[in-house]
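The values are calculated or read from the model by the stated rules, or taken from the named source; none is laboratory data. These numbers were taken from a predicted model, which means no experiment stands behind them. Note that each Cβ is placed from the backbone with ideal geometry, even for glycine, and that neighbours are counted across all protein chains shown. Ligands, DNA and RNA are stripped out before the accessible areas are found, and what is left, the full protein with its side chains, is counted by its heavy atoms. Shrake-Rupley method; radii C 1.70, N 1.55, O 1.52, S 1.80 Å.
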Amino acid sequence: MNLSNPLHEPDFVVVDVETACARVSSICQIGIVGFRDGREVFSYETLVDPRDEFSAFNIGIHGITPRHVAGQPGFADIHAIVERHLRGRITVAHSWFDKGALAAACRVSDCPEIATAWLDSVRVAKHAWPQLENHKLNRLAAFLGIEHRHHDALSDARAAGMVIVKAIEHTGIDLKGWMAKPDRKKAQPPAAALEGPLKGQRIALLGEPRDGPLAQHLAGAGGRIVASVGSTTSMLVVATKQPYGRWAETSEPYRKAVALRGAGRPIEIITEKDLRARLQRGG
């Protein structure tokens, strides 16, 4: 374990986690790497006892088993270290999964959420190299010539950090530029058709803009597309190409919809595929 050198304050840090099961709070390994002037200045890695079950699926991904984490610290035990590395800094993660996992682990462990400024290296990579078919970390590492051992938290963090470094070199956009919010007009949803099977539905979309093709399709069926999940939302549609992958349930809109449903609100959560099938059947 190499803790950060106070003489080398990083420009940004990168975090990656592996989880034991489908619950994103079940962190079983974490890796953090600090970068300054395009070079690594510190690293931190540890196995973590998730205080949760291990699924065969997750073990098949990263190879970490209950035997590996026996006697290792729980998340609450390392929270202060993680917070010291991330708080008040720019924190890079490859997709929002790691952000959601840390937030969930903080909640489950009764620890304060870590305040940091997040940067998604997937978004950066898509802008820097739009010609690539996908922007998964292992594919990017191969394309950019980055040494990488996939699904090892420390190696994944290093690789994601180098994606940022190489994107800065390739595009000329500096870290401040990548952190800036895109200057774009607010999306305007399509008007709902006067009649259709979705008439009366107030629909929020997870993973697609509210002026995109899915929104157009649902509005054509009479649905009203709303900006976000709220108390009057009647349906949350999880888009097929949503960026969370199999961890869509960790996203804020999904969690808010579940909370509203638990409070008695009649909100349906449905995938785009299932809703399109329903509409085809005339339901």
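Things to note:
- Matching option when the condition is surrounded by fewer than 17 Cβ atoms within 10 Å (Cβ to Cβ) and either on the phi < 0 side of the Ramachandran plot or touching a residue at least 60 places away in the same chain (Cβ under 8 Å) (or both), among Asp37, Asp120, Asp98, Asp77: Asp77
- Residue within region 59-66 that is part of a helix (DSSP H, G or I), free of Cβ contacts under 8 Å to residues at least 60 places away in the same chain and open to solvent by less than 10 Å² (accessible area, probe 1.4 Å) present: no
Conditions (1) in contact with a strand residue (DSSP E or B) (Cβ under 9 Å, 6 or more places away or on another chain); (2) of a type outside the set (Gly, Ala, Ser); (3) over 21 Å from Cys21 (Cβ atoms); (4) open to solvent by 30 Å² or more (accessible area, probe 1.4 Å), marked per residue:
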| residue | (1), (2), (3), (4) |
| --- | --- |
| Thr233 | yes, yes, yes, no |
| Leu236 | yes, yes, yes, no |
| Thr240 | yes, yes, yes, yes |
| Arg246 | no, yes, no, yes |
| Thr250 | no, yes, no, no |
| Pro253 | yes, yes, yes, yes |
| Ala259 | no, no, yes, yes |
| Leu275 | yes, yes, yes, no |
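- The listed residue being modelled with pLDDT under 95, small (Gly, Ala, Ser) and surrounded by fewer than 18 Cβ atoms within 10 Å (Cβ to Cβ), out of Ala221, Ala187: Ala187
- Search result, residues across region 138-157 that are touching a residue at least 24 places away in the same chain (Cβ under 8 Å) and crowded, with 23+ Cβ neighbours inside 10 Å: Ala153, Asp156, Ala157
- Only a single item in (1) assigned to a loop (DSSP other than H, G, I, E, B); (2) surrounded by 18 or more Cβ atoms within 10 Å (Cβ to Cβ) is not met by Gly71, and it is number (2).
- Only residues that are part of a helix (DSSP H, G or I) and modelled with pLDDT under 90 were counted across region 236-254, and they come to 8.
- Checking Asp11 against (1) open to solvent by less than 40 Å² (accessible area, probe 1.4 Å); (2) more than 21 Å from the chain's Cα centre (by Cα); (3) over 21 Å from Asp110 (Cβ atoms), the condition it does not meet: (1)
- Those residues of region 101-117 which are touching a strand residue (DSSP E or B) at 6+ places or on another chain (Cβ under 9 Å) and surrounded by fewer than 16 Cβ atoms within 10 Å (Cβ to Cβ), in sequence order: Ala117
- All of (1) farther than 30 Å from Asn134 by Cα; (2) more than 25 Å from the chain's Cα centre (by Cα); (3) of a type outside the set (S, T, N, Q) hold for Ala219 with one exception: (1).
- Residues in region 204-218 that are among the hydrophobic types (A, V, I, L, M, F, W, C) and open to solvent by 10 Å² or more (accessible area, probe 1.4 Å): 1 in all.
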